[in-house]
Structure formats: structure tokens, C-alpha cells
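In what follows, a single structure is set out as C-alpha cells and then discussed.
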Amino acid sequence: MSIKGFQGTSLLDFPGRIASLVFWGGCNLTCPFCHNPALVLDPDAWPDLNPDALLADLTDRAPFIDGVVVSGGEPTLDPSLADWLTRVKELGLAIKLDTNGLRPDVLAELLERDLVDYLAIDLKTVPDRYAELHSGQVDRNVLDASIRLAMAAPVTVEFRTTCVPGIVDAPEIHALGQLIRGAPRWALQQYHPAPALDPTWRRVTPYPAEKIAELAAIARQYVKDVVVRGVV
Ligand code: SF4
């Protein structure tokens, strides 16, 4: 797994910060509704970005940005991630990690080494339904382990759920809410079908705003703060 994409400046992806975005190729899921199918299905079709050159770029940008968003694909699959993030931290930059939460061992190491300031974990659906998101096996225990790590982590934590019809509805929000009861923040996002990995899922009609609001009301029974994003 390696770095495949870079965006110099973003105001959106690291709330309250001006950040650069770095994208890793490859993933340990193949969600049929994934918005980055090229990065997931065929990462080798994208040229690798040189990590040292990227650090040089970040060094130049460091006076003007607050942090770096580490996203994908799934960045925790890269065995050199922790060492690269150590060098990012040495620049005085904060780090936001976007992850699907299926590598709790990596998450534990990154937290232990103080390499994450903002942790955003996707909750795609209830753990028992993750088999529907991948052609291979998914161990539900790894997601539980990452949730436990996040709930105890001394960093800013956000759980995120894209409300995909057929995958997420009221029963799933209740069940996930029970798993993350007391969490500081849960972001619910509307599904946008156009770039979905599986063409079948490009024909799924997104929930209307009213339905997302209903799901958000359920989520508020469990966590401190619920934010709704991407509703059109
Ligand atoms: S949605 Fe996220 S976890 Fe799922 S395949 Fe795409 S990058 Fe991987």
C-alpha cells in the first residue's frame, strides 16, 4: 500500500483547520457503494507518490497549514505509515486519520505513539453485516476493538456513517448507537450514488433529507453530538 494522491489545501476535511490531504491506495474492504473505486480496485494504475518528496512539500507548506488528513483507500494497511506520520509530526502538523477501523492493532500503535490528533472511524453498518461489504471474510471483533480504542482515546474522535439505503436504517442506527453510546460525535452522511464501486449501487435512490433527519434523531439518543453532512 502506498501514497497515491495529494491535495495541498483543504478547509473541509479537518474541521477547524487548514489541512493538506494525502490518499493511500488499496483497501481491506470492497464496499459496493465506495466512492473511490479506482483507489480500491486498481491502486497500481495510479503512480506512487514519493513519501520523501511529499514531506518536502509539507515542509514548505507547514507555515500555512495546520495539519494533514490521512485518508484512502485504507491508510492503516501501509506498514510504513507510523514512521511517515512521525516525520509529519516533527513538522509541527496535526494529523487527522480517516479509517474503516479494521486494523485496531495499527490504531493502537498510532495512538500509543501520539501520532493522531483527530480520529474519524467509519461505521458502515452493524458489525454482523460487514460480510456484505467484502468478497472476503471480515472479523466483527476487529471493529469492536477499534471502537473501544476510540472511546478511550485522548484525541478528538468522530464516528461516521453514510446512510446507504439497504445497508443503514433505523435498526442499524439503534444497534450502532448502543455500540458507541456516549461517544463525542457521530456524523451521518447522505449517500451519493453516482461514483459507486458496484454499478448496481449507482441506481440506489438516496434517502431524502427527512429520512436522514429521522436517523439523526435516533442517533442523538446515544451520543453527545450528531452532525448531518452532504444532504442535498
Ligand atoms: S468505502 Fe472506504 S472502506 Fe469501503 S471500500 Fe471504499 S475506501 Fe474501503
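The values are calculated or read from the model by the stated rules, or taken from the named source; none is laboratory data. What you see is a predicted model; the values in this text were computed from it and never measured. All Cβ positions, even for glycine, are placed from backbone atoms using ideal geometry, and neighbour counts span all protein chains on display. The accessibility values were calculated without ligands, DNA or RNA, using every heavy atom of the protein model including side chains. Shrake-Rupley method; radii C 1.70, N 1.55, O 1.52, S 1.80 Å.
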*How about the stretch 111-141: which of its residues are among the aromatic types (Phe, Trp, Tyr) and either within 20 Å of Gln178 (Cβ to Cβ) or open to solvent by 30 Å² or more (accessible area, probe 1.4 Å) (or both)?*
Tyr130
*asked:* Among the residues in the stretch 151-162, are any among the charged types (D, E, K, R) and in contact (Cβ under 8 Å) with a residue 40 or more places away in the chain?
replied: yes
*Which members of the stretch 1-40 meet the condition of being of a type in the set (Ser, Thr, Tyr), more than 9 Å from the ligand (Cβ to nearest atom) and either modelled with pLDDT under 85 or surrounded by fewer than 22 Cβ atoms within 10 Å (Cβ to Cβ) (or both)?*
Ser2, Thr9, Ser10
*Specify which of the listed residues (Thr99, Thr86) is modelled with pLDDT of 95 or more, within 11 Å of the ligand (Cβ to nearest atom) and among the β-branched types (Val, Ile, Thr).*
Thr99
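Only one of these is more than 16 Å from the ligand (Cβ to nearest atom), assigned to a strand (DSSP E or B) and either farther than 26 Å from Val88 by Cβ or at pLDDT below 95 (or both): Val232, Val228, Val157. Name it.
Numbers: Val232 fails: assigned to a strand (DSSP E or B); Val157 fails: either farther than 26 Å from Val88 by Cβ or at pLDDT below 95 (or both).
Just one listed residue meets the conditions, Val228.
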